[in-house]
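First the structure, in the form of structure tokens, and then the observations on it.
The values are calculated or read from the model by the stated rules, or taken from the named source; none is laboratory data. Keep in mind that what you see is a predicted model, and the values were worked out from it rather than measured. Note: ideal-geometry Cβ built from the backbone for every residue, glycine included; neighbour counts use all protein chains shown. Keep in mind that these areas ignore ligands, DNA and RNA; they rest on the heavy atoms of the full protein, side chains included. Shrake-Rupley method; radii C 1.70, N 1.55, O 1.52, S 1.80 Å.
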Amino acid sequence: MTTAFQVHADDNVATLLADAEREVRLVGGGTVALNEPIALGHKVALSDIAAGAAVGKYGIPIGTASVGIRMGDWVHLHNCASRFDERSGGFDGVTGASKDMVYE
Amino acid sequence: MNEVAARQWQAWLRPDGRKGVRNLVLVIYTVQCAAHVAHAIAAGEEDVQVIGFPGCYDNQYAIRLVLALARHPNVGAVLSVGLGCEYTQPARIAEAVAKSGRPADAFFIQDVGGTRSSTEKGKAIVRSLRERIRRETPRVAMGFADLTLGAECGGSDGTSGLVGNPVVGRLFDQVVDAGGSAICEEIVEMIGLKDIILARAADERARAELEATYDKAERYCREVRQYSVSPGNFAGGLTTIEEKSMGAFAKSGSRPIQGVIKVGESPPWPGMWVMDSVPDPHFMQFGYTNPNDTEGIMDLISGGSQIVLFITGRGSVIGSPVAPLIKVTGNSRTYARMQEDMDFDAGRVLAGELSLDEAAGELAAMVADVAAGTQSKPEALGHREYFVMYKHQDTPELDRGCRSAA
């Protein structure tokens with residue numbers, strides 16, 4: 001089974017060490033059922049995170065939940081925004097390409 | 001004594017006492033109009049490399065950066081080539097380089113003739129300079145205590161903060177413990193980590209330098225509406241600049257940060273240093289702080305880094321002039337796909353094949369091999385990308401004096 005790494009004990013997300021479809025095993029023990037497939041290097045929520053609450057990784061807030069997140073959800077651009085970068089949220093969730101620039 | 005502290009290799013001794021791991025002739029053009037001739041001069045010439053400044057109007061920051069590269073420990077001699085109309089003066093560059101004890105020459109293309117005659121003249125000069133520095137430069141023993149290492153991230157992904165950067169951080173700790181220096185420049189990739197950075201300061205002076213530099217970087221990113229995070233980072237699983245920052249900062253290791261140096265400034269004493277590459281306030285705005293990876297690598301080399309480590313998750317195909325670039329990835333898929341460009345696969349740590357410390361030891365051995373003359377992959381592939389841009393930084397206090405590492 002694919003493993004996921006929770007860097008700090010306070011973190012509410014873990015990083016996948018390979019692609020996974022249904023479930024991941026945490027390096028520190030336990031498993032988390034995935035609500036959707038998640039790719040290598042991306043994050044899974046380890047608990048429910050209310051809209052407006054901090055998303056924590058490395059023991060620090062890496063952003064704020066922009067909508068409610070459920071345990072097992074993929075945590076990324078569609079549900080987590082930077083506290084600094086105002087362009088955060090204006091990017092394609094899969095390719096990361098910016099959607100706020102006009103090409104006409 | 002561990003392996004890192006013990007390794008020695010043969011280096012070239014420069015007049016200022018610093019030691020180089022290469023013995024290069026650097027061709028420097030002073031305006032884009034001279035770029036073709038400069039590259040034609042260096043084409044096919046062993047140990048001759050090119051950098052240049054594209055603008056016709058001169059810029060104090062760019063001149064400081066170019067001179068720091070021209071007087072880098074890996075550079076033995078310089079030829080500066082201009083067109084003849086531009087503000088930046090090739091003869092002044094050669095004069096400053098000659099004062100450092102290195103042979104140097106300069107000419108304007110308009111004084112010599114056209115493309116072919118200038119190329120022929122330039123080739124004759126660089127061959128003579130190369131012959132001279134090969135004959136005259138003293139060879140001396142060098143070890144990690146004499147080394148300044150730079151580290152830059154590019155194309156980070158979710159693996160970079162877990163293994164790619166932490167492996168480099170452990171190597172940095174070993175280099176610092178051996179009496180050497182290490183430099184990170186990406187202050188714009190420390191956004192969100194103010195308290196964590198300040199907690200690493202060696203003393204109150206260093207803390208004040210870091211705080212001022214951090215505040216300036218955060219303000220600058222907010223004003224230009226651009227943070228140092230890219231579509232490739234997002235696709236690789238990084239969601240915000242804060243997340244990327246934590247991963248990027250891991251490459252600084254764990255030793256106390258001695259303070260902040262500016263572009264073109266070498267660490268005044270050994271240890272771990274942060275380089276400030278963000279523009280200082282000025283009546284002109286100079287755009288984004290580090291428009292691409294090459295710009296940051298040039299900054300690190302201007303700080304005297306004899307070798308630069310480049311940590312990438314997504315993959316990259318750049319190199320650098322003056323100082324060899326060693327490419328490290330924490331993503332084994334990227335390593336497999338881009339093996340011709342990637343030097344080191346730190347993803348083996350994620351697969352459980354070796355520990356972070358073992359990986360740092362292997363990387364240290366690779367650094368020593370490259371310092372001893374083995375070409376890194378970007379070097380062997382002929383990558384020599386450079387980027388010198390208009391920017392403004394207040395003139396650094398270049399003579400802070402020395403202090404013992406203790």
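Can you say whether B:ILE307 is over 9 Å from the mean Cα position of the chain (by Cα), in the same structural domain as B:GLY180 (by TED's automatic domain parsing) and buried (at least 24 other Cβ atoms within 10 Å of the Cβ), as far as the supplied structure shows?
no
Taking B:MET284 and the conditions (1) open to solvent by less than 10 Å² (accessible area, probe 1.4 Å); (2) of a type in the set (A, V, I, L, M); (3) more than 20 Å from B:SER156 (Cα to Cα); (4) part of a loop (DSSP other than H, G, I, E, B), which numbered condition does it fall short on, given that it satisfies the others?
B:MET284 satisfies all of (1) open to solvent by less than 10 Å² (accessible area, probe 1.4 Å); (2) of a type in the set (A, V, I, L, M); (3) more than 20 Å from B:SER156 (Cα to Cα); (4) part of a loop (DSSP other than H, G, I, E, B) except (1).
In segment A:13-41, how many are open to solvent by less than 30 Å² (accessible area, probe 1.4 Å) and polar (S, T, N, Q)?
Number satisfying all stated conditions: 1.
Considering only residues that are closer than 30 Å to B:SER245 by Cβ and hydrophobic (A, V, I, L, M, F, W, C), which ones fall in segment B:108-159?
The answer is B:PHE144, B:LEU147, B:LEU149, B:ALA151, B:CYS153.
Just to be sure I understand the filter: pairs with C-beta atoms under 7 Å, separated by 6 or more residues or on different chains, first member in segment B:316-331 and at positive phi, second member modelled with pLDDT of 95 or more and not in a loop (DSSP other than H, G, I, E, B). Which pairs pass?
As it stands, the answer is B:VAL322/B:LEU24; B:VAL322/B:LEU26; B:VAL322/B:GLN49; B:VAL322/B:LEU69; B:VAL322/B:VAL75; B:VAL322/B:ILE301, since those pairs meet every condition given.
For the condition crowded, with 24+ Cβ neighbours inside 10 Å and either under 29 Å from B:ALA178 (Cα atoms) or not hydrophobic (A, V, I, L, M, F, W, C) (or both), what is the one hit in B:GLY296, B:GLY373, B:GLY352, B:GLY315?
Going through B:GLY296, B:GLY373, B:GLY352, B:GLY315 in turn, just one is crowded, with 24+ Cβ neighbours inside 10 Å and either under 29 Å from B:ALA178 (Cα atoms) or not hydrophobic (A, V, I, L, M, F, W, C) (or both): B:GLY296.
If you go through segment A:97-104 one residue at a time, do you hit one that is open to solvent by less than 30 Å² (accessible area, probe 1.4 Å) and either touching a strand residue (DSSP E or B) at 6+ places or on another chain (Cβ under 6 Å) or on the phi > 0 side of the Ramachandran plot (or both)?
No, that holds for no residue.
Within segment B:331-347, which residues are in a helix (DSSP H, G or I) and among the small types (Gly, Ala, Ser)?
Selection gives B:SER332, B:ALA336, B:GLY347.
When B:TRP273 is evaluated against the numbered criteria (1) open to solvent by less than 10 Å² (accessible area, probe 1.4 Å); (2) within 14 Å of chain A (Cβ to nearest Cβ); (3) aromatic (Phe, Trp, Tyr), which criterion, by number, is the only one it fails?
Only one criterion in (1) open to solvent by less than 10 Å² (accessible area, probe 1.4 Å); (2) within 14 Å of chain A (Cβ to nearest Cβ); (3) aromatic (Phe, Trp, Tyr) is unmet by B:TRP273, namely (2).
Every residue in segment B:14-38 that is under 21 Å from the mean Cα position of the chain (by Cα), surrounded by 17 or more Cβ atoms within 10 Å (Cβ to Cβ) and more than 12 Å from B:LEU79 (Cα to Cα), please.
Selection gives B:ARG14, B:ARG18, B:LYS19, B:GLY20, B:VAL21, B:ARG22, B:ASN23.
Could you tell me which of the residues B:LEU381, B:LEU325 is in contact with a strand residue (DSSP E or B) (Cβ under 6 Å, 6 or more places away or on another chain) and modelled with pLDDT of 95 or more?
Sole residue among the options that is in contact with a strand residue (DSSP E or B) (Cβ under 6 Å, 6 or more places away or on another chain) and modelled with pLDDT of 95 or more: B:LEU325.
Only one residue in B:ALA6, B:ALA42, B:ALA94 is within 23 Å of B:GLU379 (Cβ to Cβ) and small (Gly, Ala, Ser), so which one is that?
B:ALA42
Enumerate the helices (runs of 4 or more DSSP H) found wholly within segment B:144-254, keeping only those where 2 or more residues are buried (at least 24 other Cβ atoms within 10 Å of the Cβ) and modelled with pLDDT under 95.
Result: B:231-235, B:241-249.
Taking segment A:68-96 as the search range and keeping residues that are among the aromatic types (Phe, Trp, Tyr) and open to solvent by 40 Å² or more (accessible area, probe 1.4 Å), which one is modelled with the lowest pLDDT?
If we take residues in segment A:68-96 being among the aromatic types (Phe, Trp, Tyr) and open to solvent by 40 Å² or more (accessible area, probe 1.4 Å), then A:PHE84 is modelled with the lowest pLDDT.
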